[in-house]
Amino acid sequence: MLWLTVLTGCKAVDPLPEDLDGAVHWLWGAMDAGAAAEVHAGVVALDGALGGDALVAATDGSISRLTAEQVAPLGITDRDPADAAALFIANRIDCGLDDVVDIFSAPNQDELYPGVYAQQERTYDGDRDALLAGDVDDLRWSLTYQTSILGSRYTGGTEAYLRRVRPDPASGAPFDDAYLVRFHAPEPAVFEEGAGKSFTQDYQFEVYWAREDGATLHAYAMWREANWGAGFTSEEEGVQRLLLNGMKDWDDDTARICAER
């Protein structure tokens, strides 16, 4: 198949440095119950591991896999997260932080990012307007969607949790507010009958912060278990490279949407 030929010569997906890997996993574990100033200090540590003061081009690789203990608070006990391939990318988006938050929390993702969803609907638990105004620091939403891959349509669902954290004023942090966003699929996706494909696990974790006006730094981890048929699985390095490229394309599209506002 043509895509198999394309995958042969892709850039390798190398493991992240230990300090960067550890910073991402620490933030995942601290997101729910960690004190805001402590979580913000964790974002500062992530920024330091990335060299955020000089980050211009995207950097990516593989990250260590999630454990059963890390996903149990999400209510997932029937699947082994060690089966979900783990990827990471960090990038600079040419768009201010407030605009980026407005874009990724918007209900009309299918209109903003055409071609991603055949159908999608978000249901919010919380006040998005109050979040954008700075009056509350968290927001949850549920997403149901339909899309297609390799000619097969499937239906999926995602639960999202967004939290803003602010620094301790005495900390001397190099930036102000940071946003953490966690997504997980509570159940495997459902493919049309006879598709011979599966999308069993999906966890995503994003961190957004800004060191300068008009630019947002974005750290994005994904843990995914999928078999899209014909040897096209999340364990294949060439497929992982395509996923990482897609994550970078999402940031590029966000910058485009921002510029058109």
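Checked against the criterion of being in contact (Cβ under 8 Å) with a residue 40 or more places away in the chain and of a type outside the set (Asp, Glu), the candidates Ala189, Ala185, Ala230 yield just one match: Ala230. Among the candidates Ala255, Ala219, single out the residue that is aliphatic (A, V, I, L, M), outside any strand (DSSP E or B) and in contact with a strand residue (DSSP E or B) (Cβ under 8 Å, 6 or more places away or on another chain). The match here is Ala255. Checked against (1) at pLDDT 95 or above; (2) over 22 Å from His40 (Cα atoms), Tyr208 passes all but condition (2).
Looking only at region 10-21, residues that are assigned to a helix (DSSP H, G or I) and surrounded by 16 or more Cβ atoms within 10 Å (Cβ to Cβ) come to 2 in all. The condition of being of a type in the set (Gly, Ala, Ser) and surrounded by 21 or more Cβ atoms within 10 Å (Cβ to Cβ) holds for only one of Ala160, Ala230, Ala226, that being Ala226. Identify the residue in region 113-125 that is surrounded by 16 or more Cβ atoms within 10 Å (Cβ to Cβ) and not hydroxyl-bearing (Ser, Thr, Tyr) and, among all such residues, is farthest from Phe199 (Cα to Cα). Restricting to residues being surrounded by 16 or more Cβ atoms within 10 Å (Cβ to Cβ) and not hydroxyl-bearing (Ser, Thr, Tyr), the top hit is Arg122. May I ask you to list the residues in region 30-76 that are surrounded by fewer than 16 Cβ atoms within 10 Å (Cβ to Cβ), acidic (Asp, Glu) and within 18 Å of the chain's Cα centre (by Cα)? Of everything in region 30-76, just one residue is surrounded by fewer than 16 Cβ atoms within 10 Å (Cβ to Cβ), acidic (Asp, Glu) and within 18 Å of the chain's Cα centre (by Cα), namely Asp32.
The residue that is farthest from Leu27 (Cα to Cα), counting only those in region 42-57 that are touching a residue at least 60 places away in the same chain (Cβ under 8 Å) and part of a helix (DSSP H, G or I), is Asp53.
Of the residues Arg128, Arg79, Arg140, only one is exposed (fewer than 15 other Cβ atoms within 10 Å of the Cβ) and not aliphatic (A, V, I, L, M); which? Explain how you work it out, then say what you get.
Values: Arg128 fails: exposed (fewer than 15 other Cβ atoms within 10 Å of the Cβ); Arg79 fails: exposed (fewer than 15 other Cβ atoms within 10 Å of the Cβ).
Testing whether each residue is exposed (fewer than 15 other Cβ atoms within 10 Å of the Cβ) and not aliphatic (A, V, I, L, M) leaves just Arg140.
Please indicate, with yes or no, whether at least one residue in region 146-157 is at positive phi and either without any contact (Cβ under 8 Å) to a residue 12 or more places away in the chain or among the charged types (D, E, K, R) (or both). So far as region 146-157 goes, yes, one or more of its residues are at positive phi and either without any contact (Cβ under 8 Å) to a residue 12 or more places away in the chain or among the charged types (D, E, K, R) (or both).
Could you pull out every one of the helices (runs of 4 or more DSSP H) wholly within region 86-184 that has 3 or more residues that are of a type in the set (D, E, K, R), under 19 Å from the mean Cα position of the chain (by Cα) and modelled with pLDDT of 95 or more?
Working: elements: 97-104, 109-112, 128-132.
By residue number, 97-104.
The values are calculated or read from the model by the stated rules, or taken from the named source; none is laboratory data. All values reported here derive from a predicted model rather than from experimental measurement. Cβ atoms come from the backbone with ideal geometry, glycine included; neighbour counts cover every protein chain shown.
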